[in-house]
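Okay, so here's the structure we're looking at.
Bear in mind that the values in this text are calculations on the coordinates, not laboratory data. Keep in mind it's a predicted model, so treat the numbers as computed, not measured. Neighbour counts are summed over all protein chains in view; Cβ atoms, including those assigned to glycine, are modelled from backbone coordinates with ideal geometry.
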Amino acid sequence: MTYAIEQIGRTLRDAREARGLSQRALSAKAGVPQSHISKIENGAVDLRVSSLVELARVLDLELVLVPRKATPAVQSIVRSSGASTQAAAEGFEKALKELKRMQNDVAQLAKMHPNLTELAQFQQRVRELQHFRIPAHDLETLRDASDSLRAFKESKTGVDKLRDALAQINKVRNQLAHGLEASSFKKAVRSAYGLDEDDHG
């Protein structure tokens, strides 16, 4: 395999790992067999453009043909954005750990208080949040929710602290869910606008 193919494979692997995706999860999202992804990442196969486009789309990458003279400038921009991508990946890992901690606390509390509907709702929200890529600015809210949950666990009194935790985790979930809906809506509007332009142009 050529150096260029190996470099593309490494870039795809790094982008997949930065997003916390396994090869199997990427395969399910992109419709490219997991065994093929493994070969691409290891530079062991000459990948088809259609496969590359699908993988890049899922990994939030863009395929662009750049004039050779502009390559150093583009590479410099990509390197500078790499630091923020690394920070985002680390924030995502921290968020997952916080969610796991809350999941364990809530499982224990559910055994102690099987009739509390708030605990069932909390468990549901934690499960939902594990499917989102949680931005760093929401990590503090998750930690606050975790602290409130622990305060309820330790106080063994009223459910106010539990309700606080539930409100905080609902806030994170709703912001992420509505953000995705808004993003999908914008894409749909752009697509329709593009069709209208074609009809008149």
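Structure above, values below:
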read-out	value
Estimated distance in nm for a label pair at residue 96 and residue 120, the labels positioned 7 Å out from Cα along Cα-to-Cβ	3.0 nm
Footprinting exposure proxy for 131, 137 (fewest neighbouring C-beta atoms within 10 Å first)	131, 137
Volume of the Cα convex hull of the range 3-63, divided per residue and given in Å³	68 Å³
Euclidean distance between Cα centres, the range 56-74 to the range 96-165, Å	41 Å
Residue 78-residue 6 FRET efficiency (beta carbon distance; Förster radius 25 Å; 0.05 resolution)	0.90
